[in-house]
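A short worksheet on the structure shown next.
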Amino acid sequence: MPTKNPGPKRTKFERDRDFAVMAKFYLEGRDQTEIAEILNADRPYALSQQTISNDLKAVRKDWLNTAVENYDRTKEIELIRIEEDEKRILDAWELSRIPRKTVTIETRSDDTTERTVQEKRGDTDALPPLPSGVLLSALDRCRARRCAILGFTSYQKSEDLNAAIWLVLQAGYEISDPTRK
């Protein structure tokens with residue numbers, strides 16, 4: 001089928017509108033010749049199959065660039081979340097290092113005295129004591145998530161965890177057993 005006389009050139013607005021229509025038809029599985037026929041029947045200008053081909057290349061390139069930008073931004077957001085998680089874990093670790101204080105509270109009513117003993121961390125009623133193994137496991141999960149996002153193979157080996165626990169013990173910290181009451 002012969003194409004129309006080329007006629008006027010498209011404006012930027014018309015080109016962008018054509019991109020959207022071409023993308024829709026392309027995703028529907030229509031071929032370039034069919035897309036050209038549909039658009040040419042409805043436009044004051046003529047588009048060749050080659051123009052459709054070039055425009056679809058530009059559309060696919062734009063899709064790829066957008067996908068890469070979205071992927072990179074999503075990775076960046078997740079890495080920030082992991083960093084925040086690690087900070088909270090390390091804050092909990094620091095809090096767990098504050099020595100416990102035993103506080104005795106006495107209340108008197110009539111002739112009876114009631115004593116209550118409470119354990120507090122520093123001057124706050126902070127978190128319950130967390131076993132070091134829980135904190136190390138949480139940090140390890142953060143590191144494994146980061147490695148997965150960055151495309152590294154998992155760095156974790158059981159020797160690494162054992163070495164980390166040994167360093168904690170060498171530094172003089174206790175590692176409590178969560179199964180022991």
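The values are calculated or read from the model by the stated rules, or taken from the named source; none is laboratory data. All values derive from a computational prediction rather than experimental measurement. A quick note on method: Cβ atoms are made from the backbone with ideal geometry, for glycine too, and the neighbour counts reach across all protein chains shown.
The table that follows gives values for the structure above.
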{"item": "Unmet requirement for Thr107, which otherwise passes all of (1) part of a helix (DSSP H, G or I); (2) at pLDDT 70 or above", "result": "(1)"}
{"item": "Some residue of the stretch 4-19 being of a type in the set (Val, Ile, Thr), in contact with a helix residue (DSSP H, G or I) (Cβ under 6 Å, 6 or more places away or on another chain) and either within 30 Å of Arg141 (Cα to Cα) or not in a helix (DSSP H, G or I) (or both)", "result": "no"}
{"item": "Residue match in the stretch 32-43 (condition: at pLDDT below 90 and aliphatic (A, V, I, L, M))", "result": "no"}
{"item": "Residues of the stretch 22-42 satisfying the condition of being in contact (Cβ under 8 Å) with a residue 12 or more places away in the chain and among the basic types (Lys, Arg)", "result": "none"}
